[in-house]
Amino acid sequence: MKEKHNFKVILEAFGLDFRHYLVQDFGVGLINSTFVLKKGEATAFVLQRINTKVFPNPQLIASNWSLAHQYLKITAPNYFMPLFQKTQKGADFFVDEQGNYWRLLPFIKDSSCFETAPNIHLAKEAANAFGHFAALLSGAPLDQFNVVLPGFHDLKLRQQQFDAAVENASEQRLLIAAEQIEKLNAYRWITDFYNRNIGRLPVRIVHMDAKISNILFDSAGKKVKCIIDMDTLMPGTLLSDFGDLIRSMVCEAAEDETDVGKIVLRHEMPEIIFEGYTAALEHVLEPLEKEILPFGGPMLIYMQALRFLADYLSNDVYYPVRYQQHNLDRAWNQIIILEKLLKEPFFAKQGFIP
Ligand code: GN1
Ligand code: MG
């Protein structure tokens, strides 16, 4: 186990007898730490430690999550949205002696999960699931939702943070990242387009981490069971979720793959994802929103490249790294995807490329 914690105390806080469970590392998320609780052969729960450096106020997550849950219970009673379990004292989190925030979730049985879409059929299902989710929440009381992470997908802010990181970086890292910085600077038109248009789009409740690995499929790996990871559920625009769907599914390679030959885009994906996503939102989308939606693809990939590279230049303070240039490699990967994506007919035909 990577982390040492007093799991006995943590499990007891949730009313579980520690003697009956085996705690194991689980998951690949970059931000929170995830564990599973096994009872004999069966996995019973998912236990997560919230990264409070990223989420200084985890209560904001819990209240958005339960607000969405309550709303859907009334407006779409058959919709399955798993909810965290409360502690014995009725709290959303257990805070341990070190100040760690713990949350407990039911483990969804007979489910499967993918890092990237194995085929176009599942890509369409995933896009449709996130579109359906946004459609169901389109009538939810927007002003009651917290802005969990202010400016999280605000490209104007991410551009400023990147510029500040370049300004303050060490000579050594600046030198090593020179090519990547130059490449990214050539895409500033993406931020300019964002700045001109973002205010014209409706604000909605969006997931903001809409990747296929945040969907649980049935055990046959065919039908969507539910969407998971509600950490960043908050007001924003649909560009975020459409963009992350493209980002996570257009190519099969891992997010830190740097071999250009392996970063192969699947040409049919953009259209399929667009179809799947917009079909679910047919009665919700405003004409301008639908028109600008494709921009979400390059926007999210560019933003992710800025975030990875800014973190490399800031000596890796946000994303955990396994080796020195890990964040640089991640940025490089996103830059390659972006370069290739803009040449794809689906994006090349849009009006936003200068
Ligand atoms: C983080 O931890 P994870 O994988 O759910 C990040 C996302 C990035 C993603 C890149 C709160 O998500 O924005 O797209 O890494 N979440 C946060 O892999 O920063
Ligand atoms: Mg996440």
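Please count how many residues of segment 122-167 are touching a Leu at 6+ places or on another chain (Cβ under 7 Å) and within 24 Å of L72 (Cα to Cα). Walk me through it before giving the result.
Narrowing segment 122-167 to residues touching a Leu at 6+ places or on another chain (Cβ under 7 Å): 126-127, 130-131, 134-136, 144-146, 148, 151, 158-159, 162, 165-166.
Now drop any that are not within 24 Å of L72 (Cα to Cα), which leaves 126-127, 130-131, 134-136, 144-146, 148.
Count: 11.
Looking across segment 315-330, just one residue is more than 12 Å from ligand 1 (Cβ to nearest atom) and touching a Leu at 6+ places or on another chain (Cβ under 9 Å), and that is L328.
In segment 221-243, is there at least one residue being under 23 Å from P294 (Cβ atoms), assigned by TED's automatic domain parsing to the domain that holds L313 and touching a Pro at 6+ places or on another chain (Cβ under 6 Å)? Scanning segment 221-243 turns up no residue that is under 23 Å from P294 (Cβ atoms), assigned by TED's automatic domain parsing to the domain that holds L313 and touching a Pro at 6+ places or on another chain (Cβ under 6 Å).
From (1) in a helix (DSSP H, G or I); (2) in contact with a Pro (Cβ under 9 Å, 6 or more places away or on another chain); (3) of a type in the set (A, V, I, L, M), pick out the condition that doesn't hold for V147. Status for V147: all satisfied but (1). For segment 43-66, a residue qualifies if it is within 13 Å of ligand 1 (Cβ to nearest atom) and either within 16 Å of I108 (Cβ to Cβ) or assigned to a strand (DSSP E or B) (or both), and the qualifying residues are Q48, R49, I50. Which one is farthest from E257 (Cα to Cα) among residues in segment 329-343 that are open to solvent by 30 Å² or more (accessible area, probe 1.4 Å) and touching a helix residue (DSSP H, G or I) at 6+ places or on another chain (Cβ under 9 Å)? The qualifying residue farthest from E257 (Cα to Cα) is E339. Evaluate the following for R158: is it modelled with pLDDT of 95 or more, under 19 Å from L201 (Cβ atoms) and among the charged types (D, E, K, R)? For R158, the condition - modelled with pLDDT of 95 or more, under 19 Å from L201 (Cβ atoms) and among the charged types (D, E, K, R) - is met. Being within 16 Å of ligand 1 (Cβ to nearest atom) and farther than 30 Å from V206 by Cβ holds for only one residue in K39, K2, and it is K2.
When the residues of segment 14-33 are narrowed to those that are surrounded by 17 or more Cβ atoms within 10 Å (Cβ to Cβ) and assigned to a strand (DSSP E or B), which ends up nearest to ligand 1 (Cβ to nearest atom)? By that ranking, first place goes to S33.
Any residue at all in segment 73-85 that's of a type in the set (S, T, N, Q) and either on the phi > 0 side of the Ramachandran plot or in a helix (DSSP H, G or I) (or both)?
In the first step, residues of segment 73-85 are kept if they are of a type in the set (S, T, N, Q); the result is 75, 78, 85.
When the remaining residues are screened for being either on the phi > 0 side of the Ramachandran plot or in a helix (DSSP H, G or I) (or both), the result is 75.
Yes, because at least one residue in segment 73-85 is of a type in the set (S, T, N, Q) and either on the phi > 0 side of the Ramachandran plot or in a helix (DSSP H, G or I) (or both).
Is it true that I61 is under 23 Å from V28 (Cβ atoms) and outside the structural domain of A220 (by TED's automatic domain parsing)? Show your work before the answer.
Working: under 23 Å from V28 (Cβ atoms): yes; outside the structural domain of A220 (by TED's automatic domain parsing): yes.
Yes.
The criterion of at least 2 residues that are within 16 Å of ligand 2 (Cβ to nearest atom) and farther than 16 Å from R173 by Cβ is met, among helices (runs of 4 or more DSSP H) falling completely within segment 257-338, by 296-313.
The values are calculated or read from the model by the stated rules, or taken from the named source; none is laboratory data. Quick caveat: nothing in here was measured; it's all calculated off a predicted structure. As a convention, Cβ positions derive from the backbone with ideal geometry for all residues, glycine included, and neighbour counts pool all protein chains shown. Surface areas here come from the heavy atoms of the whole protein model, side chains and all, with no ligands, DNA or RNA. Shrake-Rupley method; radii C 1.70, N 1.55, O 1.52, S 1.80 Å.
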